[in-house]
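A.B. asks: Sharing a structure below in structure tokens format, with a few things to ask.
Throughout, read-outs are computed from the coordinates displayed, never taken from laboratory work. If you're wondering where the values come from, they're calculated on a predicted model, not measured in any experiment. All Cβ positions, even for glycine, are placed from backbone atoms using ideal geometry, and neighbour counts span all protein chains on display.
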Amino acid sequence: MTSVSLRLKLFATSAATILLALLLAGIAISSLFSDHVKRNLTNDLHDQFIRLVAQLDPTIEIPTLKSPMANPSFSIPYGGYYWQITDPASGLQSRSRSMWDAIFELPDLNVLDGRAHTIELIDPEGTPAIAWVQRLQFDLEGGGARTLDVIVAQDLVHFDIAIAKFRNDLFVFLAILALALFISAWIQISLGLYPFKSIRSEINAIRTGEANRMDKKHPPEVMPIVHEMNKMLKNQEQSITFARTRASNLAHSLKTHLSVMQSESESLRSSGQIEHADAIEKLGQDMHSIIDHQLRLSRLKTRTSADFLSTPLRSSVQKVINALQRTPKGNELSWHIDIDTHIHVDIDSSDLIELLGILLENATNWAKANVNIFATKQDQTITLNISDDGPGLTSAQTEQLGKRGVRLDQQGTGTGIGLSIAKEIVAMNKGKISFNTKEGTGLQVKVTLPEVT
């Protein structure tokens, strides 16, 4: 199952929260604005109603106004503002010019108890409108009273346009605000996760050997992780040191017993029991080879798949050659190096020196006059080639190279574990090693290691 980035999880949560909050805020603000505009519209209708009633002359048979309304929209056909006055007793009626030839159909105002009401209806243009309606009773000078139904209306087209425009503007504003909040959330999350980036750099420094503990100060929230990591590193270091010490002590104690076995072998040989002496001597050599092999392995750096190391190749090769040139045989040879100074390989520096020491010492022992060393790049790997002009090996002998305890030079003093150690080092560092030779043409060793870019 693929894990999702913590940064993306936090950002997705923040983004969802921001969107939900802005959505609810947008709905609330739009509703409040709509109510506010409608309330202002109703108040305006009430003011127009008061002005209309003030201009009304109830004594005229056909009820009409003493003077036109100040708002010119009442005088323009379908102007958006309308008034209508009806005498419910006679059915006589007058209306604004904006009504043209239309008539408002009113509800039974007696049912409305004769009080002022705002109702929604359809205006002369067939669009929704809001109206202020009231049945009024006027006292006449000669006695008696007259009842008139008065209505002032305004279409809702401008209201709907204003609401739609406000919602569009609100959407643009909320979109810009959402973008700003997204950026702010991303910056805040990045700042919050920055200590983990610093912790990662410290862990990389520990892997590459540049540090052995985490010493930087971090926020209190992550310091417990740092403390636990330092405790783990300390315990691991103590465990490794203890294991190496035990291995070394065991090896030295076994070597003491091997020395006794060697003395016994010499005693048997002196007494004429040559066959038994050879058997004991062979057994001692095998045990000595095993002990040396394990001791050298215990000095290698243990690697995990997450380790990242960087060691310059050319300077490491030069360091080993400088040491070999101090020997009589190494000083007589011509060393040819063709390695770019910028090449770095993913291997611990001490392990690389150990590997090069084995391979170059082997080349020194067999070369007649020349040792060639060059490196090539391919597909994020480095191939190191070491060749000598020695006598070479047969195919059968080549197959034996790298097997622990196998010595092709029976006259030497070695234990036959050098190339075996080399294979162990290469394998531990995700590399490959191969041997190519023909009898009489020398030995070529190819080592492939991951490149550090």
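A.B. asks: Simple spin-label model, 7 Å along Cα-to-Cβ: residue 180 to residue 222 in nm?
C.D. replies: 3.0
A.B. asks: Using the Cα gyration tensor of the stretch 86-213, with a ≥ b ≥ c the square roots of its eigenvalues, what is the shape: rounded (a/c below 1.5), prolate (a/b larger than b/c) or oblate (neither)?
C.D. replies: Taking the square roots of the gyration eigenvalues as a ≥ b ≥ c, the stretch 86-213 is prolate.
A.B. asks: Quick check on the stretch 1-204: what are the equivalent-ellipsoid semi-axes from the Cα gyration tensor, as sqrt(5λ), descending, whole Å?
C.D. replies: 62, 15, 13
A.B. asks: Dipole of the chain, Cα-centred, from +1 at each Lys and Arg C-beta and -1 at each Asp and Glu C-beta, to the nearest 20 debye?
C.D. replies: Result for the chain is approximately 2300 debye, rounded to the nearest 20.
A.B. asks: With charges only on Cβ, +1 for K and R and -1 for D and E, what is the dipole size of the stretch 316-363 about its Cα centre, in debye, rounded to 20?
C.D. replies: 300
A.B. asks: Please give the length that would be gained between residue 273 and residue 365 if that part of the chain were fully extended, namely 0.36 nm times their separation in residues minus their C-alpha to C-alpha distance (nm, one decimal).
C.D. replies: My answer for the length gained is 29.7 nm.
A.B. asks: Select from 441, 74, 203 the residue farthest towards the positive end of the dipole of the chain; place +1 on Cβ of Lys and Arg, -1 on Cβ of Asp and Glu, and compute about the Cα centre.
C.D. replies: Positive-most Cα among the choices belongs to 441.
A.B. asks: Here's something else I'd like to know. Please work out whether the stretch 1-114 counts as rounded, prolate or oblate from its C-alpha gyration tensor, where a ≥ b ≥ c are the square roots of the eigenvalues and a/c under 1.5 means rounded, while otherwise a/b larger than b/c means prolate and anything else oblate?
C.D. replies: prolate
A.B. asks: What is the calculated FRET efficiency for residue 191 to residue 19, with r their C-beta to C-beta distance and R₀ = 22 Å, to the nearest 0.05?
C.D. replies: 0.50
A.B. asks: Suppose only helical runs count, i.e. DSSP H with n ≥ 4. What mean residue ellipticity at 222 nm does that imply for the chain under -39500 (n - 2.57) per run, divided by all residues and rounded to the nearest 500 deg cm²/dmol?
C.D. replies: Helix-only estimate at 222 nm: -17500 deg cm²/dmol.
A.B. asks: Taking the beta-carbon count within 10 Å as an exposure proxy, list 316, 14 from fewest neighbours to most.
C.D. replies: 14, 316
A.B. asks: Read through the labelled values (i) 34, 26, 24; (ii) 108, 24, 16; (iii) 40, 29, 19 and report the label of the one computed as semi-axes √(5λ) of the Cα gyration tensor in Å from the structure.
C.D. replies: Working out semi-axes √(5λ) of the Cα gyration tensor in Å from the coordinates points to (ii).
A.B. asks: Taking the alpha-carbon distance from residue 446 and a cut-off under 30 Å, which lysines remain once sequence neighbours fewer than 8 residues away in the same chain are dropped?
C.D. replies: Qualifying lysines at Cα under 30 Å: 301, 319, 329, 368, 377, 403, 423, 430, 432, 438.
A.B. asks: Explain nothing, just the number: dipole magnitude of the stretch 311-450 about its Cα centre with +1 on each Lys and Arg Cβ and -1 on each Asp and Glu Cβ, in debye rounded to the nearest 20.
C.D. replies: Once rounded to the nearest 20, the dipole reads 140 debye.
A.B. asks: Would you work out which of 6, 19, 145 lies farthest towards the positive end of the dipole of the chain, given +1 charges on the beta-carbon of Lys and Arg and -1 on that of Asp and Glu, about the Cα centre?
C.D. replies: So the residue furthest toward the plus end is 6.
A.B. asks: Name the residue from 60, 359, 172 whose Cα lies farthest towards the positive end of the charge dipole of the chain, charges +1 on Cβ of Lys and Arg and -1 on Cβ of Asp and Glu.
C.D. replies: 359
A.B. asks: Under the classification rounded if a/c is under 1.5, otherwise prolate if a/b is larger than b/c and oblate if not, where does the stretch 158-210 fall, given a ≥ b ≥ c as square roots of the Cα gyration tensor eigenvalues?
C.D. replies: Prolate, since a/c reaches 1.5 and a/b exceeds b/c.
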